[in-house]
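Student: One structure follows; several queries about it will come next.
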Amino acid sequence: ILAAIALPAYQDYIARSQVTTGLADIRGGVTAFEEKVNRGSVAFAVPATIGLRASTPRCSAIGGAGSETGTITCTLRGNPKVLGKIVTLTRDTSGAFTCTVTGGLDSKFLPTGCT
């Protein structure tokens, strides 16, 4: 009985932590992205131009598009509940970044501040 309750709860915990880790893997690019905007050079073709790797243990692919309202994305790998979902940080014209997750992820796995 305990395993019937504990195992699904543990799997949910793992899924939430994997999404949060994916977000953390791309959050570091925000500062470099802002620096590019402040210098007037916002175009970037590869994640390395904003200090990110092309992939991490949690992100099978990191990408994005540079512009004043650009994006930084992480395609998640891991638990089947999160596999292939995309975490996106989007910069608006005021300089604020918002987090979204696409691909049909259950809201209970979303990190705080993501929709």
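Student: Looking at the range 97-114 only, could you name the residues that are surrounded by fewer than 16 Cβ atoms within 10 Å (Cβ to Cβ) and more than 15 Å from Thr73 (Cα to Cα)?
Tutor: Gly104, Asp106, Ser107, Lys108, Thr112, Gly113
Student: What number of residues within the range 12-57 satisfy the criterion of being of a type outside the set (Val, Ile, Thr), within 21 Å of Ile86 (Cβ to Cβ) and assigned to a helix (DSSP H, G or I)?
Tutor: 15
Student: Can you go through Ser55, Ser94, Ser17, Ser60 and tell me which one is at pLDDT below 90 and open to solvent by 30 Å² or more (accessible area, probe 1.4 Å)?
Tutor: Criteria check complete, one pass: Ser94.
Student: So which residues in the range 69-115 are part of a strand (DSSP E or B), more than 12 Å from the chain's Cα centre (by Cα) and under 24 Å from Tyr10 (Cβ atoms), if there are any at all?
Tutor: None; the set is empty.
The values are calculated or read from the model by the stated rules, or taken from the named source; none is laboratory data. Nothing here was measured: the structure is a model prediction, and the numbers come from that model. Virtual Cβ from ideal backbone geometry, glycine too; neighbours counted across all protein chains shown. All accessible areas refer to the heavy atoms of the entire protein, side chains included, with ligands and DNA or RNA removed. Shrake-Rupley method; radii C 1.70, N 1.55, O 1.52, S 1.80 Å.
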